[in-house]
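See structure below.
The values are calculated or read from the model by the stated rules, or taken from the named source; none is laboratory data. Being a predicted model, the structure only gives us computed values, none of them experimental. Cβ: placed from backbone, ideal geometry, glycine included. Neighbour counts: every protein chain shown. Ligands, DNA and RNA are stripped out before the accessible areas are found, and what is left, the full protein with its side chains, is counted by its heavy atoms. Shrake-Rupley method; radii C 1.70, N 1.55, O 1.52, S 1.80 Å.
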Amino acid sequence: VPVTVLSRCLQFNLRPMAPETVQEHLAKALAQENISADAPSLRLLARSARGSMRDALSLTDQAIAFGGGQLQEAGVRQMLGAVDSSHVFRLIDALARGDGAEVVATVDQLRHQGLSAASTLEDMGVQLQRMAVLQAVPDKAQAAVASDDAEQQELLRLAQLMPADETQLLYSIALHGRAELGLAPDEYAALTMALLRLLA
């Protein structure tokens, strides 16, 4: 668009919203509409919206239709093609223990379930970032100890199992691995290679 046209336009530079803010708004909106929704499903929708409230509301509408009027984590995961966190935790645990057989077996299980390789690496990056925070900030780790959230407890266990510098390296490789998925003839082969690189 020519600069002369832009200078006569009203421009809005919108910043992405935090997933927590999106999740809170979705929870309020659904409560007003008397639609039941569990927290994990809202967390998935908020993260998938990538900072856009409009996209979050659109995805929520689709999820309500998909789930027959309610939002449950399993249904939302299926609709989004998102990977269950338990698979990601198994992969990180296997990487921490240097168990290549478990890594390959878990990837095969993801393939048979038709789950997204990109989503696997994305979720792995999210969990590794959360682990890095627990490793770097003792107060966060103390809060995790007191938490009754099973996912938070598992993250703390993995954060204590893996050295901090290794967590940082795995995070970096997981991010770069996503970019390589489109270059490979088979995204699961690319996922396996990225994970084997993490293992090495």
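Here is how the numbers come out for the structure above:
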| item | result |
| --- | --- |
| The stretch 56-111 - residue that is open to solvent by 20 Å² or more (accessible area, probe 1.4 Å) and of a type in the set (S, T, N, Q) and, of those, nearest to the chain's Cα centre (by Cα) | Ser86 |
| Matching helices (runs of 4 or more DSSP H) fully within the stretch 31-118 where at least 3 residues are in contact (Cβ under 8 Å) with a residue 60 or more places away in the chain | 85-97, 100-112 |
| Output for the stretch 119-140, where each listed residue is of a type in the set (A, V, I, L, M) and either closer than 13 Å to Phe89 by Cα or in a helix (DSSP H, G or I) (or both) | Leu121, Met124, Val126, Leu128, Met131, Ala132, Val133, Leu134, Ala136 |
| Candidates Ala174, Ala150, Ala143 - the one that is exposed (fewer than 13 other Cβ atoms within 10 Å of the Cβ) and either closer than 22 Å to Arg77 by Cα or without any contact (Cβ under 8 Å) to a residue 12 or more places away in the chain (or both) | Ala150 |
| Qualifying residue in the stretch 119-128 (condition: closer than 26 Å to Glu187 by Cα, acidic (Asp, Glu) and surrounded by fewer than 16 Cβ atoms within 10 Å (Cβ to Cβ)) | no |
| Residue match in the stretch 98-121 (condition: on the phi > 0 side of the Ramachandran plot and in contact with a helix residue (DSSP H, G or I) (Cβ under 7 Å, 6 or more places away or on another chain)) | yes |
| Any pair with Cβ under 9 angstrom, 6 or more apart, that starts in the stretch 157-169 at a residue that is in contact (Cβ under 8 Å) with a residue 12 or more places away in the chain and within 20 Å of Ala143 (Cα to Cα) and ends at one that is charged (D, E, K, R) and open to solvent by 100 Å² or more (accessible area, probe 1.4 Å) | Leu161/Arg97 |
